[in-house]
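Contents: one structure, followed by commentary.
The values are calculated or read from the model by the stated rules, or taken from the named source; none is laboratory data. Computed from a prediction, not measured in an experiment: that's the story for all the values here. Only protein heavy atoms, including side chains, enter the accessible area calculation; ligands, DNA and RNA are left aside. Shrake-Rupley method; radii C 1.70, N 1.55, O 1.52, S 1.80 Å.
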Amino acid sequence: KIKDITIKSQQIFYLKNKELAYTLGESKATSGEEIEINSNEFFKYDKLSSTLIAKGNVIITERIKNIILESEEAFYFQNEDKFTTLGITKANINNEYFVDTQDLVFLRENMFLSSKYKTTITDTQDNFYKLNNFNYLVNEKILKGSKVEVITNYLKKNSDKYFFNTAFINFKNQKFST
């Protein structure tokens with residue numbers, strides 16, 4: 001256990017003088033009951049900066065709001081309670097919203113997700129959202145994006161399309177504002 005992070009792996013190396021822990025192969029890190037991080041290549045944990053780097057089929061599970069992030073590489077900045085991913089990233093938000101993006105930022109304290117890259121979001125109500133970038137407030141269920149395309153009843157006969165330069169979408173009541 002290192003600074004409230006527990007790391008488990010078949011192979012783990014600890015460099016005491018540098019306060020670094022490395023793992024090889026299947027690895028799992030937990031922080032309390034709230035966060036679990038899994039990887040199949042390696043972890044690198046820097047105790048001095050409280051930073052964890054995970055590489056290889058990384059799956060991050062945030063249990064309080066039921067958020068799952070999947071990427072090939074991710075960083076956890078424990079002091080800021082911040083996750084960032086590198087490359088293609090999938091997010092599952094409470095089995096309601098499914099995000100495909102890249103280079104995602106997740107601020108746990110504020111329950112805020114964002115990406116500066118093209119993103120698609122689908123939901124369980126058959127809606128499809130395509131955005132050039134996005135910010136999402138998890139607790140408020142408010143999505144903000146630019147160059148937004150919304151398709152209701154996605155992949156069905158009676159679908160509607162909406163286009164916005166900038167849009168705020170309230171998922172609680174399905175209201176749009178620009």
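Okay, here's what the table says:
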item: Tensor-based shape of the stretch 105-178 (alpha-carbon gyration tensor, a/c under 1.5 rounded, otherwise prolate or oblate); result: prolate
item: Zero-based 10 Å bins, Cα pair distances in the stretch 1-53, whole percents; result: 27, 60, 13
item: Subset of Lys82/Lys147; Lys47/Lys116; Lys118/Lys157; Lys130/Lys175; Lys28/Lys141 violating a 20 Å alpha-carbon distance limit; result: Lys82/Lys147; Lys47/Lys116; Lys118/Lys157; Lys28/Lys141
item: Compactness index (Cα Rg / 2.2 N^0.38 Å), the stretch 40-91; result: 1.09
item: Semi-axis lengths (Å, descending) of the ellipsoid that matches the C-alpha gyration tensor of the stretch 1-146; result: 29, 14, 13
item: Residue with peak Gaussian network fluctuation, the chain [Cα springs, cutoff 10 Å], from Gln125, Gln78, Gln102; result: Gln125
item: Straight-distance crosslink candidates among aspartates and glutamates, where the alpha carbon sits under 20 Å from Lys16 and sequence neighbours closer than 8 are dropped; result: Asp4, Asp46
item: Per residue, in Å², the accessible surface of the stretch 87-178 once ligands and nucleic acids are set aside, probe 1.4 Å; result: 57 Å²
item: Candidate aspartates and glutamates for bridging to Lys44, where Cα separation is under 12 Å - those fewer than 8 sequence places away on the same chain excluded; result: Glu19, Glu73
